[in-house]
Amino acid sequence: MTFGEQPAYLRVASDLREKIVNGALPPHTRLPSQARIREEYGVSDTVALEARKVLMAEGLVEGRSGSGTYVRERPVPRRIARSGYRPETGVNPFRQEQTAEGARGTWESRSEQEGASPEIAERLGIEPGDRVMRTHYVFREAGEPIMLSTSWEPLAVTGRTPVMLPEEGPLGGCGVVDRMAAIDVVVDNVAEEVGARPGLAEELLALGGVPGHVVIVIGRTYYASGRAVETADVVVPADRYRIAYHLPVR
């Protein structure tokens, strides 16, 4: 086989990927052995190994101890809805948005105070070390973890108020906009930045992924008259979900 200018291991990986996608190598099928790849494609053991590593990094195959490498079941991506819609019922925005998509959204959380890291301080427009309330969330659909989120709110805004703990008190779970309104802080803008990266070990453990899987990361910040009052990182497994935005036209 002539490989041209593209590295041989990528050409081998590309051909095997195509076989996986078109069903020639269906889920749970054992991937050709390293020796078989070497023989079929006329490449070295190193090239064959690197090609298998590419497919593993892409989440298309998985190694089974003492058995070999097998094609993984390819999940059909589902949608996670996000919108600029503000519920008027006091319902958590996540639950409101997922209900609109026919999902049964629930979540669990824990909050703790900490000093802002330099990155979070920059996002909130405060000094590093200033006190913030950090809240970790695990969001679920029908019991399955689908999304993680970590939010930070400056205690200079919410400290010693009824909304200092996002998930407790009379407005617990009502979302940033309604909670801030309760302390006369009017949220008038929200910015989101979407990117992707390999998932951290603890993220993939919580989301049921495997090492090497890519996650979508949404960096979100709420503003009131130009002042950041909450910032968060939302993490979603990229192989199982797509982010669907529903934005109002003004």
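Looking at ASP178, ASP184 in this structure, which one is open to solvent by 40 Å² or more (accessible area, probe 1.4 Å) and either farther than 28 Å from GLU144 by Cα or not assigned by the TED database to the domain that holds LEU55 (or both)?
When all the criteria are applied, what remains is ASP184.
Is there any pair linking a residue in segment 145-157 that is not assigned by the TED database to the domain that holds PRO237 to one that is open to solvent by 30 Å² or more (accessible area, probe 1.4 Å), with Cβ under 6 Å and at least six apart or on different chains, and which?
From residues that are not assigned by the TED database to the domain that holds PRO237, there are no pairs.
Could you tell me how many of the residues in segment 38-57 are open to solvent by less than 90 Å² (accessible area, probe 1.4 Å) and either within 26 Å of the chain's Cα centre (by Cα) or in contact (Cβ under 8 Å) with a residue 60 or more places away in the chain (or both)?
5
What residue, among those in segment 98-133 that are modelled with pLDDT under 95 and in contact with a helix residue (DSSP H, G or I) (Cβ under 7 Å, 6 or more places away or on another chain), is least open to solvent (accessible area, probe 1.4 Å)?
GLY105
Can you tell me which residue among VAL194, VAL215 is surrounded by fewer than 15 Cβ atoms within 10 Å (Cβ to Cβ), farther than 20 Å from ASP130 by Cα and within 11 Å of the chain's Cα centre (by Cα)?
Details: VAL215 fails: surrounded by fewer than 15 Cβ atoms within 10 Å (Cβ to Cβ).
Being surrounded by fewer than 15 Cβ atoms within 10 Å (Cβ to Cβ), farther than 20 Å from ASP130 by Cα and within 11 Å of the chain's Cα centre (by Cα) holds for just one of VAL194, VAL215, which is VAL194.
The values are calculated or read from the model by the stated rules, or taken from the named source; none is laboratory data. Note that the coordinates shown come from a computational prediction; the quantities given were computed from them, not determined experimentally. So basically every Cβ, Gly included, is an ideal-geometry build from the backbone, and we count neighbours across all protein chains shown. These accessible areas exclude ligands, DNA and RNA; they are computed on the full protein's heavy atoms, side chains included. Shrake-Rupley method; radii C 1.70, N 1.55, O 1.52, S 1.80 Å.
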